[in-house]
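Notes for the one structure printed next.
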Amino acid sequence: MIRITLLMVLMLTAGIAQAAETISIGSKADREGHLLGEIFAQKLENDGFNVDRRFGLGQTVVSYQALAGGEIDVYPEYTGTIAQTIFKTDDNEIDALNSIASQRDLRILPSLGFNNTYALTMKGEQAEKLGMHTIGDLAEHPELRLGLSHEFIERDDGWKGLSRAYNLPQQPTGLEHGIAYQAINDGRIDLTDAYSTDGDLQRFNLILLEDDQNYFPQYLAVPFIRADLPQAAIYSLSQLAGLINENRMQSMNAEVSAEGKSFSSVAHEFLTEENLIAADSSFQARSIWDELGEDLIRHLELTLSALALACVVGLPLSLLVYRMPRISRVVLYVAGLLQTIPSIALLALMIPLFGIGVFPAIVALFLYSLLPIVRAAITALLTVDPLLTRVAKGMGLTKREQLRHVLIPLAAPNMLTGIKTAAIINIGTATLAAFIGAGGLGDPIVTGLSLNNYELVLYGAVPAAMLAIITELAFEVLERVTIPAHMRGLKRS
């Protein structure tokens with residue numbers, strides 16, 4: 001009896017620990033990935049797990065590195081992408097891919113049921129006018145303007161291999177996938193890459209060109225997970241296998257893009273229709289306004305933390321090296337070199353080092369802040385009137401006293417300008433931190449781009465712009481309060 005009681009206590013304790021465990025779910029920045037990620041999240045929440053949503057992680061390399069590094073536990077992926085882009089193999093069968101995945105402590109669950117293959121798409125009336133029905137027909141129309149997603153252009157199973165297989169002469173322009181359909185609709189491009197389940201195909205009256213050489217492999221949608229995911233979570237996600245066909249996925253995508261429904265509400269409707277969660281389960285779709293405060297607070301957290309760290313490091317460093325021309329030039333060169341790295345690339349480089357989330361975003365923003373702070377401080381200290389320095393020496397002041405009572409007060413206006421410049425740069429750059437799961441005002445911008453929803457883009461862009469303006473005004477007030485008028489006059493002169 002005692003053994004049975006003890007066993008029951010252990011099982012109950014294990015059940016509570018399991019229920020309290022948090023599963024981190026990621027997704028790429030595209031609409032379908034976000035929607036599937038939300039389906040995963042609500043299914044796991046219904047089955048007793050806490051869920052941490054890390055949606056909008058950029059493209060394949062970012063999402064995969066986050067999974068491999070343990071920053072997320074699962075994200076929706078496609079067998080063709082896993083085979084061609086991640087594992088570099090021609091065999092895209094799930095069993096074969098799982099043999100490779102197991103060597104990396106990863107696992108691929110059964111397909112959700114649909115093949116979201118790559119395709120090329122264009123306006124139906126234009127295709128009819130030109131007599132185009134297949135990808136092979138493109139070779140006869142070199143004048144057509146192609147706007148393809150950046151990832152598709154660079155992928156071996158994308159434009160690189162496709163153009164060789166079909167001997168296509170066009171030179172494509174890189175476009176964000178979310179705005180390519182609008183570009184076709186506006187007549188700025190003639191053709192773009194698409195996913196066969198995109199909801200915008202019907203919305204913009206687009207047709208898919210037939211892949212007459214069967215170039216594209218199957219892209220079966222699957223949950224891509226870490227092998228150490230709890231068995232109960234694996235079972236929960238496996239219940240989604242085979243439930244979504246191509247038509248249903250396209251319809252759900254259209255509900256988000258054309259009808260304006262939220263990802264969470266569409267996911268909830270699907271799960272209730274499949275009896276995977278109770279129809280009367282507690283659910284409340286959050287509007288974008290509900291998340292404005294959270295996004296703004298996170299954005300301030302990113303920018304202020306990075307700025308404070310840059311001041312703590314940059315200002316003492318400037319005071320230390322400004323008298324040493326060679327070293328100060330090296331410091332400015334290194335800081336300038338960091339500034340030349342594209343911000344999205346710098347954020348991506350943080351993932352192998354620090355993973356995803358707030359910390360790597362703060363590190364990247366800190367590195368971006370160093371140049372304006374260090375340059376302004378060193379320049380300000382070096383341009384202090386030498387006569388004043390000689391007077392200070394004549395008065396018997398030590399170097400430390402000269403620095404404290406003469407140099408820093410005179411250099412303060414320009415130092416403050418450097419800090420202000422860094423703050424404003426950070427506010428804008430921090431919107432890109434959404435691509436590595438750091439949140440902030442970049443979240444609605446990324447989501448808006450994937451949905452071709454410019455109102456949602458403005459929802460993130462306008463507060464970021466207002467924050468930059470408020471920061472500018474706040475520094476003006478700070479300058480008036482802390483710096484005497486005659487010092488401000490020196491700065492202007």
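Each residue in the stretch 166-181 was checked for being surrounded by 14 or more Cβ atoms within 10 Å (Cβ to Cβ) and outside any strand (DSSP E or B), and 10 of them qualify. Just so you know, in the stretch 38-67 the residues that are over 11 Å from residue 233 (Cα atoms) and of a type in the set (Phe, Trp, Tyr) include one that is modelled with the highest pLDDT, and it is 64.
Residues checked against (1) at negative phi; (2) buried (at least 20 other Cβ atoms within 10 Å of the Cβ); (3) part of a helix (DSSP H, G or I); (4) modelled with pLDDT under 85:
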| position | (1), (2), (3), (4) |
| --- | --- |
| 292 | yes, no, yes, yes |
| 301 | yes, no, yes, no |
| 307 | yes, yes, yes, no |
| 314 | yes, yes, yes, no |
| 331 | yes, yes, yes, no |
| 344 | yes, no, yes, yes |
| 349 | yes, no, yes, yes |
| 359 | yes, no, yes, no |
| 371 | yes, yes, yes, no |
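Which numbered condition trips up residue 101, out of (1) closer than 28 Å to residue 357 by Cα; (2) surrounded by fewer than 16 Cβ atoms within 10 Å (Cβ to Cβ); (3) more than 23 Å from the chain's Cα centre (by Cα)? Going through (1) closer than 28 Å to residue 357 by Cα; (2) surrounded by fewer than 16 Cβ atoms within 10 Å (Cβ to Cβ); (3) more than 23 Å from the chain's Cα centre (by Cα) one by one, residue 101 breaks only (2).
For residue 391, state whether it is at pLDDT 85 or above and surrounded by fewer than 17 Cβ atoms within 10 Å (Cβ to Cβ). The answer is no for residue 391. Please tell me if residue 144 is part of a loop (DSSP other than H, G, I, E, B) and within 27 Å of the chain's Cα centre (by Cα). Criteria not met by residue 144. Of all the listed residues (239, 218, 202), the sole one being touching a strand residue (DSSP E or B) at 6+ places or on another chain (Cβ under 6 Å) and surrounded by fewer than 20 Cβ atoms within 10 Å (Cβ to Cβ) is 218. So, residue 134, is that one surrounded by fewer than 20 Cβ atoms within 10 Å (Cβ to Cβ), under 21 Å from residue 59 (Cβ atoms) and among the hydroxyl-bearing types (Ser, Thr, Tyr) or not? Considered against the rule, which asks whether it is surrounded by fewer than 20 Cβ atoms within 10 Å (Cβ to Cβ), under 21 Å from residue 59 (Cβ atoms) and among the hydroxyl-bearing types (Ser, Thr, Tyr), residue 134 comes out as no.
Remark: pairs (first residue in the stretch 209-222, of a type in the set (Asp, Glu); second residue not in a loop (DSSP other than H, G, I, E, B); Cβ separation under 8 Å; 6+ apart in sequence or on different chains) = 210/134; 210/135; 211/119; 211/134; 211/135; 212/134; 212/135; 212/136.
Inclusion of residue 124 among residues that are within 17 Å of residue 77 (Cβ to Cβ) and not aliphatic (A, V, I, L, M) is not warranted. With respect to (1) within 23 Å of residue 446 (Cβ to Cβ); (2) out of contact with any Phe, Trp or Tyr (no Cβ under 8 Å at 6 or more places or on another chain); (3) at pLDDT below 90; (4) not small (Gly, Ala, Ser), the lone exception for residue 84 is condition (1). Within the stretch 58-108, the set of residues being hydroxyl-bearing (Ser, Thr, Tyr) and in contact with a helix residue (DSSP H, G or I) (Cβ under 7 Å, 6 or more places away or on another chain) comprises 60, 64, 75, 79, 81, 85, 89.
Residue 94 falls short on exactly one of the conditions (1) farther than 27 Å from residue 67 by Cβ; (2) under 29 Å from the mean Cα position of the chain (by Cα), and that condition is (1). Just name the residue that is surrounded by the most Cβ atoms within 10 Å (Cβ to Cβ) out of those in the stretch 221-236 that are in a helix (DSSP H, G or I) and out of contact with any strand residue (DSSP E or B) (no Cβ under 6 Å at 6 or more places or on another chain). Restricting to residues being in a helix (DSSP H, G or I) and out of contact with any strand residue (DSSP E or B) (no Cβ under 6 Å at 6 or more places or on another chain), the top hit is 236. Every condition in (1) buried (at least 16 other Cβ atoms within 10 Å of the Cβ); (2) within 24 Å of the chain's Cα centre (by Cα); (3) assigned to a helix (DSSP H, G or I) holds for residue 379 except the one numbered (2).
A count restricted to the stretch 237-277 and to residues that are assigned to a helix (DSSP H, G or I), touching a Gly at 6+ places or on another chain (Cβ under 9 Å) and modelled with pLDDT of 95 or more stands at 0. Taking the numbered list (1) surrounded by fewer than 16 Cβ atoms within 10 Å (Cβ to Cβ); (2) part of a helix (DSSP H, G or I); (3) out of contact with any Phe, Trp or Tyr (no Cβ under 9 Å at 6 or more places or on another chain); (4) modelled with pLDDT of 90 or more in turn, residue 163 passes all entries but (1). Determine, yes or no, whether residue 221 is within 22 Å of residue 90 (Cα to Cα), modelled with pLDDT of 85 or more, out of contact with any His (no Cβ under 7 Å at 6 or more places or on another chain) and of a type in the set (A, V, I, L, M, F, W, C). So residue 221 passes the test.
Quick one: which of 120, 138 is closer than 28 Å to residue 263 by Cβ, touching a strand residue (DSSP E or B) at 6+ places or on another chain (Cβ under 9 Å) and aliphatic (A, V, I, L, M)?
Working: 138 fails: closer than 28 Å to residue 263 by Cβ.
None of the other options fit; the residue is 120.
Taking into account only those residues within the stretch 147-160 that are at pLDDT below 90 and either part of a loop (DSSP other than H, G, I, E, B) or small (Gly, Ala, Ser) (or both), which is surrounded by the most Cβ atoms within 10 Å (Cβ to Cβ)? Result: 149.
The values are calculated or read from the model by the stated rules, or taken from the named source; none is laboratory data. A quick note: this is a predicted structure, and the numbers were derived from the prediction, not measured. Don't worry about glycine lacking a Cβ; one is built from the backbone with ideal geometry, like all the others, and counts go over all protein chains shown.
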